[in-house]
Amino acid sequence: MTTTVADVNDAPSRPARTAAAFSPAALLRSHGSLLLIAALAVMLLVWAPNSLSVFRLGNLGKYCSWALAAVGIGLAWGRGGMLVLGQGVFFGLGGYAMAMHMKLEAAGPGRVPDFMELYGDSTMPLWWEPFRSGPFTLFAIVALPALVSFVMGYAVLKRGVKGAYFAILTQAMAVAFATLLVATIKQTGGFNGLNTFTTFFGQNLYDPAVQKNLYLITAGMLIVCLVVVWQFNRSRYGELLVATRDAEERVRFLGYDPANIKLVAFMTAAVMASIGGAMFAPLVGIISPSDVNATASIMMIAGVALGGRASLLGPAVGAIAVGFGQSALSERFPTNWVYFQGGLFVVVILLLPGGIASVGAKVRDLRPRRRPAALTVTEAEVVA
Amino acid sequence: MTASFRGEDYLEVGGLTVDFDGFKAVDGVDLTLLQGRLHFLIGPNGAGKTTLVDALTGLVNGTGRASFRGHDLLGMKAHEIVRLGIGRTFQTATVFDQLSVVQNLDIAAGLHRKAWTRMRARRRVPEVVEEALETIGLAALAERPAGILAHGQKQWLEVGMLLVQDAKVMFLDETVAGMSSEEREQTGALLQRIVADRTIVVIEHDMEFMRSYADIVTVMHGGTVLAEGSVAEIQADPQVQEVYLGTATEVSVDA
Ligand SMILES: Nc1ncnc2c1ncn2[C@@H]1O[C@H](COP(=O)(O)OP(=O)(O)O)[C@@H](O)[C@H]1O
Ligand SMILES: [Mg+2]
């Protein structure tokens with residue numbers, strides 16, 4: 001059994017042993033992916049705001065918030081081999097944290113959110129109180145998912161749970177989370193979730209300029225997270241993560257604890273999903289259990305699979321594409337969209353496990369190959 | 001450590017037993033592995049050699065004692081044992097095929113790095129990696145993917161990975177099996193070059209190779225230690241000859 005590490009970002013490329021490594025060609029090889037991120041940044045941050053209506057921009061912002069979760073999934077699943085089927089939980093932690101803050105902003109100082117007067121006795125649970133503070137809310141959006149994913153990841157990964165068992169556990173977490181939300185109508189708005197926000201950190205949410213800014217923040221965060229993952233992938237940690245995915249026991253005999261390596265990726269993915277959720281709430285104007293439950297979690301995965309889970313841009317582009325598809329098709333075939341989506345997922349997994357990002361390599365593979373077999377680009381090797 | 005410790009590492013194994021649901025693959029093994037010696041571990045297939053190494057490196061659970069630098073190895077996790085300075089290779093080479101030779105070595109050298117420094121990309125090849133490349137004779141192939149290496153070269157790369165992780169005790173499980181006689185000689189010379197400040201345990205079937213390079217030999221059979229001594233002592237041992245039956249003549253033939 002000879003183990004393979006399929007896709008360390010610059011796998012066939014070389015580390016800078018010689019001066020030649022600083023040549024333009026080598027620079028392109030090591031930093032070329034940044035150009036792709038830059039191209040996406042121009043599209044999202046320059047072209048889109050100048051070409052799309054505020055309504056379309058809002059939709060694109062929603063897809064970008066899903067893409068944020070997808071970028072994290074690309075790291076955890078594509079690079080780390082952890083099939084995270086419950087990212088809705090972390091999306092929800094960020095989304096609800098932000099929504100709570102906006103509800104309290106809308107209620108005004110000393111007042112309680114409207115739904116608590118409607119469903120309850122107008123008393124607010126104590127744990128809502130800190131979310132009156134904007135800075136605390138921002139802190140919580142990062143710290144909450146980091147803490148939850150650490151506790152859960154530590155418990156699960158240190159025990160060596162992996163593969164389907166890991167996937168089922170994360171999925172169960174999403175089911176439990178959504179169930180809990182539905183059951184706590186007086187504290188979380190229950191089935192309806194939290195909605196009817198008026199301001200976002202003092203800015204009027206009905207103002208088109210503010211809506212545009214919301215979009216720009218979301219798209220900007222997406223670009224930032226892509227750069228973070230790019231650095232992860234090219235770092236020594238990135239090599240280790242892929243090595244762990246492909247040969248966990250071998251990595252253990254290099255003196256690393258595979259659980260720690262995976263935990264970092266899992267926590268990073270959780271924080272990115274949370275940031276996505278935090279932007280989703282003001283962009284869409286609502287966050288409810290159906291945005292964070294098991295179905296929503298699977299939708300987040302579907303985009304990643306479509307785009308190419310191990311590639312850099314694949315997950316983000318796939319998530320945005322699935323978002324578009326959902327809007328376009330669900331308007332025309334509201335009841336059948338979910339079948340389209342399921343079918344797409346199955347087709348991609350069966351026929352194109354490397355996602356859209358691997359199409360180029362597939363085509364190249366069809367041509368007679370000149371390279372030795374050991375160098376054959378594998379499905380996951382394609383790096384956008 | 002005991003008072004007799006004089007700056008020399010040694011691994012002390014006492015009464016080591018590995019029980020697979022009632023079947024004792026290793027049964028009360030006593031063994032002392034000293035620094036600076038090429039210690040050969042031989043025995044017929046199924047003697048328990050690999051299982052013994054598995055127990056000492058945290059892959060299977062064993063009972064008894066196994067102490068190194070004041071730590072009891074039997075209670076430790078595999079990666080902790082590696083961090084203590086005990087490394088191993090596997091019967092089948094397990095290098096990362098898609099990574100270059102340098103990347104393989106670099107990833108192995110990383111365990112002594114601070115965690116946060118791993119967030120940076122590799123800029124230049126660390127000195128230990130360069131040194132190891134020279135030692136294992138793969139400098140010319142440094143940038144090639146490990147997957148294209150010949151069988152023997154992969155095994156050398158594995159030894160190089162142990163070198164960069166600064167393993168003070170190396171267990172080499174059938175490293176020269178399947179090598180050409182020329183490669184065996186090179187491997188023997190390599191091991192002699194690096195053994196001075198470490199303990200190397202070589203699991204081997206090849207008697208010729210053993211005769212040429214062993215400083216001390218332990219013979220295992222049925223999970224127990226049958227005999228221990230110099231090559232000459234082992235070859236003269238009637239019990240050993242009996243165990244090897246078919247190969248008894250080969251064992252007793254003088255080099
Ligand atoms: N995981 C296991 N479960 C049960 N029996 C095992 C296991 N691993 C090894 N054995 C048995 O233990 C004995 C010793 O095996 P091993 O240590 O691989 O021998 P050697 O390396 O000396 O050829 C063999 O009889 C083998 O079948
Ligand atoms: Mg064996």
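The values are calculated or read from the model by the stated rules, or taken from the named source; none is laboratory data. Everything numeric in this text was worked out from a predicted model, so none of it was measured. Ideal geometry is used to build each Cβ from the backbone, glycine not excepted, and the neighbour counts take in all protein chains shown. Accessible surface is based on the protein model in full, side chains and every heavy atom, while ligands, DNA and RNA are left aside. Shrake-Rupley method; radii C 1.70, N 1.55, O 1.52, S 1.80 Å.
Return the residue satisfying two criteria in turn: it lies in region B:110-146 and is open to solvent by less than 20 Å² (accessible area, probe 1.4 Å), at pLDDT below 90 and assigned to a helix (DSSP H, G or I), and of such residues it is farthest from the other protein chains (Cβ to nearest Cβ).
B:110
Read through the list (1) open to solvent by less than 30 Å² (accessible area, probe 1.4 Å); (2) in contact with a helix residue (DSSP H, G or I) (Cβ under 9 Å, 6 or more places away or on another chain); (3) more than 16 Å from ligand 2 (Cβ to nearest atom); (4) within 14 Å of another protein chain (Cβ to nearest Cβ), then give the number of the only condition that residue B:76 fails.
Among (1) open to solvent by less than 30 Å² (accessible area, probe 1.4 Å); (2) in contact with a helix residue (DSSP H, G or I) (Cβ under 9 Å, 6 or more places away or on another chain); (3) more than 16 Å from ligand 2 (Cβ to nearest atom); (4) within 14 Å of another protein chain (Cβ to nearest Cβ), the lone unmet condition for residue B:76 is (1).
Only residues that are within 16 Å of ligand 2 (Cβ to nearest atom), acidic (Asp, Glu) and open to solvent by 40 Å² or more (accessible area, probe 1.4 Å): list them for region B:179-227, please.
Within region B:179-227, just B:206 meets the criteria.
Could you give every pair whose Cβ atoms fall below 8 Å, whose first residue belongs to region A:229-245 and is within 20 Å of residue B:94 (Cα to Cα) and more than 7 Å from chain B (Cβ to nearest Cβ), and whose second residue is open to solvent by less than 10 Å² (accessible area, probe 1.4 Å) and among the acidic types (Asp, Glu), counting only separations of at least 6 or pairs across chains?
A:242/A:7
Criterion first (among the basic types (Lys, Arg), over 23 Å from residue A:221 (Cβ atoms) and free of Cβ contacts under 8 Å to residues at least 12 places away in the same chain) does residue A:132 satisfy it? Before you say what the answer is, go through the steps one by one.
On the way: among the basic types (Lys, Arg): yes; over 23 Å from residue A:221 (Cβ atoms): yes; free of Cβ contacts under 8 Å to residues at least 12 places away in the same chain: no.
Considered against the rule, which asks whether it is among the basic types (Lys, Arg), over 23 Å from residue A:221 (Cβ atoms) and free of Cβ contacts under 8 Å to residues at least 12 places away in the same chain, residue A:132 comes out as no.
Considering only region B:32-61, how many residues are open to solvent by 10 Å² or more (accessible area, probe 1.4 Å), of a type outside the set (Ser, Thr, Tyr) and either away from ligand 2 (no atom under 16 Å from the Cβ) or in contact with a Cys (Cβ under 6 Å, 6 or more places away or on another chain) (or both)?
Selection size over region B:32-61: 6.
Between a residue in region B:19-48 that is at positive phi and any residue that is more than 15 Å from ligand 1 (Cβ to nearest atom) and assigned to a loop (DSSP other than H, G, I, E, B), which pairs come within a Cβ distance under 8 Å, given they are 6 or more apart or on different chains?
B:36/B:8; B:36/B:195; B:36/B:196; B:36/B:197; B:36/B:198
If I filter region B:158-178 for residues that are open to solvent by 10 Å² or more (accessible area, probe 1.4 Å), in contact with a helix residue (DSSP H, G or I) (Cβ under 7 Å, 6 or more places away or on another chain) and within 16 Å of ligand 2 (Cβ to nearest atom), do I get at least one hit?
Yes, there is a match, as at least one residue in region B:158-178 is open to solvent by 10 Å² or more (accessible area, probe 1.4 Å), in contact with a helix residue (DSSP H, G or I) (Cβ under 7 Å, 6 or more places away or on another chain) and within 16 Å of ligand 2 (Cβ to nearest atom).
When you go through B:211, B:198 one by one, which is the residue that is more than 18 Å from residue B:82 (Cα to Cα), modelled with pLDDT under 95 and away from ligand 1 (no atom under 16 Å from the Cβ)? Please lay out each step first, then the result.
Details: B:198 fails: more than 18 Å from residue B:82 (Cα to Cα).
Just one listed residue meets the conditions, B:211.
Select from region B:70-89 the residues that are more than 22 Å from residue B:174 (Cα to Cα) and aliphatic (A, V, I, L, M) and list them in ascending order.
The answer is B:73, B:74, B:76, B:84.
Looking at the structure I just gave you, is residue A:243 under 23 Å from residue A:151 (Cβ atoms) and open to solvent by less than 10 Å² (accessible area, probe 1.4 Å)? Outline the logic, then answer.
Working: under 23 Å from residue A:151 (Cβ atoms): no; open to solvent by less than 10 Å² (accessible area, probe 1.4 Å): yes.
No.
Condition check: touching a helix residue (DSSP H, G or I) at 6+ places or on another chain (Cβ under 8 Å) and either within 14 Å of chain B (Cβ to nearest Cβ) or not in a helix (DSSP H, G or I) (or both). Does residue A:312 satisfy that? Break it down stepwise before answering.
Details: touching a helix residue (DSSP H, G or I) at 6+ places or on another chain (Cβ under 8 Å): yes; either within 14 Å of chain B (Cβ to nearest Cβ) or not in a helix (DSSP H, G or I) (or both): yes.
Answer is yes for this residue.
Hey, residue B:232 hits all of (1) aliphatic (A, V, I, L, M); (2) away from ligand 2 (no atom under 16 Å from the Cβ); (3) in contact (Cβ under 8 Å) with a residue 24 or more places away in the chain; (4) more than 14 Å from chain A (Cβ to nearest Cβ) but one; which does it fall short on?
Unmet for residue B:232, out of (1) aliphatic (A, V, I, L, M); (2) away from ligand 2 (no atom under 16 Å from the Cβ); (3) in contact (Cβ under 8 Å) with a residue 24 or more places away in the chain; (4) more than 14 Å from chain A (Cβ to nearest Cβ): (3).
Between residues in region B:204-221 that are closer than 16 Å to residue B:236 by Cα and residues that are assigned to a helix (DSSP H, G or I) and open to solvent by 40 Å² or more (accessible area, probe 1.4 Å), which pairs lie under 7 Å by C-beta distance while being six or more apart or on different chains?
B:207/B:250
When region A:327-345 is examined, which residues are found to be surrounded by 12 or more Cβ atoms within 10 Å (Cβ to Cβ), free of Cβ contacts under 8 Å to residues at least 24 places away in the same chain and in a helix (DSSP H, G or I)?
A:329, A:330, A:337, A:338, A:340, A:342, listed by residue number.
Give me the residue from region B:83-94 that is under 20 Å from residue A:245 (Cα atoms), facing chain A (nearest Cβ under 7 Å) and in contact (Cβ under 8 Å) with a residue 40 or more places away in the chain and, out of that set, surrounded by the most Cβ atoms within 10 Å (Cβ to Cβ).
Restricting to residues being under 20 Å from residue A:245 (Cα atoms), facing chain A (nearest Cβ under 7 Å) and in contact (Cβ under 8 Å) with a residue 40 or more places away in the chain, the top hit is B:93.
Taking the criterion of being of a type outside the set (Asp, Glu), away from ligand 1 (no atom under 16 Å from the Cβ) and more than 15 Å from the chain's Cα centre (by Cα), would at least one residue in region B:59-66 satisfy it?
Just the residues of region B:59-66 that are of a type outside the set (Asp, Glu), to begin with: B:59-66.
So of that shortlist, the ones also away from ligand 1 (no atom under 16 Å from the Cβ) come out as B:65.
With more than 15 Å from the chain's Cα centre (by Cα) added as a condition, the list becomes B:65.
Yes, region B:59-66 contains at least one residue that is of a type outside the set (Asp, Glu), away from ligand 1 (no atom under 16 Å from the Cβ) and more than 15 Å from the chain's Cα centre (by Cα).
Tell me the helices (runs of 4 or more DSSP H) entirely within region A:39-142 that contain at least 1 residues that are surrounded by 24 or more Cβ atoms within 10 Å (Cβ to Cβ) and under 21 Å from the mean Cα position of the chain (by Cα). I'd like the intermediate steps shown before the answer.
Working: elements: A:48-51, A:54-73, A:87-107, A:114-119.
Ranges flagged: A:54-73, A:87-107.
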